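To start, the structure under review is shown below, and the notes come after it.
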Amino acid sequence: MEIEKPPGKEEKTSCDLKCRVWIESKKLWRIAFPSILAKITQFGILVVTQAFIGHIGELELAAYSIMQIIAMPFVQGTLAGTSSATETLCGQAFGAKQYHMMGIYLQRSWIINFSTATVMLPVFIFSSRIFKLLGEKEDIANKAGEMSPWFIPYLYNLVFNQTIQKFLRTQLKNMIVGWLSAISFVLHLLLSWIFVVKLNLGIPGAMSSIIISSWFVVIGDFVYIFGGWCPETWKGFTLAAFSDLLPSLKLSISSGVMLCLELWYYSILVLLAGYMKNAKTAISAFSICINVTDWDFMLCMGFLSATSVRVANELGRGEAKAAKFAIKVNVGTSVSIGVFFLDFVFITWPQNRGIAIGAGRQSMAAYVNMCCYYAVGVPVAIPFEFVQSLELHDLVLQCNPEAFKLLLDTGKLELAAYSIMQIIVVRLGQGTLGCQSATETVGKHFKQSNAT
């Protein structure tokens, strides 16, 4: 009878590695899938509204587009950035088993975000004048001014929606957010059809459906948190939230700058579209192009969330090696998806921002964004706008490398090749710098944890 030999050291190591990758992948998708579902459905609400407004009139569509792509990214990017500080603090607190601090961090983020949203109210109150100062067409600016007050309730929805999502995500309870977001999307479709098509309420009907469906998610989150489903992390309201606000504020500012620099870049491109000959068509068309590209962006945001949570959790435990392994698995997953779909954004973008947020190194990512988008992207886009037969084609290329066929149709082959290489190299270079910086931060954090 033959005796089965125990597995050799190499075979055992290989088996252990496969098991570790499998376990880490399950943790990744447990966070990423609900996040992707929430991001896609919540972004879908804005896209559906744009589709319904497109049936109302060309001027209304251009006005909504300019509000959605210029004003909202300014506000939404700021609040998303300041909210990412919640992901850093809550993620590390959960890893360190300081559960009671998570509720305090959430309340501090509400205070900071509510104050930030109130400060940015003039963007909506004086939007018509702002757009005119920026050189937009008078009829589009006036219509945008009429529409802008409807965005104020949605603005304050973001104060709670952004932070609560991150609060629940860091403790692996974000599936409820995904389902609530999916239900709100269906609700929005129904309300938009009733208000715009059946009742013919126009802009008020379309914007009312946004307000109702978006606040539906927030109310559902409140019920989940206050109803006792987060007993360890939510201990009720406390005055401790008003103390030590300065460190949270500093991290929130650096987080806001990091994301705003990227989102504002696309707003600048829409502004450039407003200077073209047929401004209404150019703004509307370019806005739709960005919305199509943003579906891909929402998938990236889901992986960004998963990366930041995994890194923050492991750093909170003081396990830098586990954080590095999580980074490797997340990078491998993103690269595999990006290569399969020939998507350069997916190869670099999610892990860059996610690692920076999880490690609390948002300021480094902000410098990278400044160089890539404003030292290279905008200077390249502006002169191309005035080249005959390019205009919108080049602006689309700045957002989406896969749109190179539009430029090829113009006969500017050399220009198209140069632009494609510029976008690809910038994004890949951005990814390399982001990964290198965040990985060094993880190691430093681990040494500091051991020293204490």
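Residues that are of a type in the set (Ser, Thr, Tyr) and crowded, with 20+ Cβ neighbours inside 10 Å were ranked within region 183-227; the one that is nearest to the chain's Cα centre (by Cα) is Ser214. Picking from Thr116, Thr86, Thr82, which residue would you name as being β-branched (Val, Ile, Thr), closer than 15 Å to Val309 by Cα and buried (at least 16 other Cβ atoms within 10 Å of the Cβ)? Testing whether each residue is β-branched (Val, Ile, Thr), closer than 15 Å to Val309 by Cα and buried (at least 16 other Cβ atoms within 10 Å of the Cβ) leaves just Thr86. The helices (runs of 4 or more DSSP H) falling completely within region 78-184 that include 3 or more residues that are farther than 21 Å from Ile53 by Cβ map to 99-119, 127-133, 152-170.
A single entry from Ile283, Ile327 fulfils the requirement of being hydrophobic (A, V, I, L, M, F, W, C), crowded, with 22+ Cβ neighbours inside 10 Å and at pLDDT below 65: Ile283.
Out of everything in region 143-153 that is in contact (Cβ under 8 Å) with a residue 40 or more places away in the chain and in contact with a helix residue (DSSP H, G or I) (Cβ under 6 Å, 6 or more places away or on another chain), what residue ends up being surrounded by the most Cβ atoms within 10 Å (Cβ to Cβ)?
Only one residue tops the list, namely Ala144.
Tell me the residue from Ile36, Ile53 that is assigned to a helix (DSSP H, G or I), touching an Asp or Glu at 6+ places or on another chain (Cβ under 6 Å) and either aliphatic (A, V, I, L, M) or over 30 Å from Leu199 (Cα atoms) (or both), please. Unique residue meeting the criteria: Ile53.
The values are calculated or read from the model by the stated rules, or taken from the named source; none is laboratory data. Just so you know, these numbers come straight off a predicted model, no measurement behind them. As a convention, Cβ positions derive from the backbone with ideal geometry for all residues, glycine included, and neighbour counts pool all protein chains shown.
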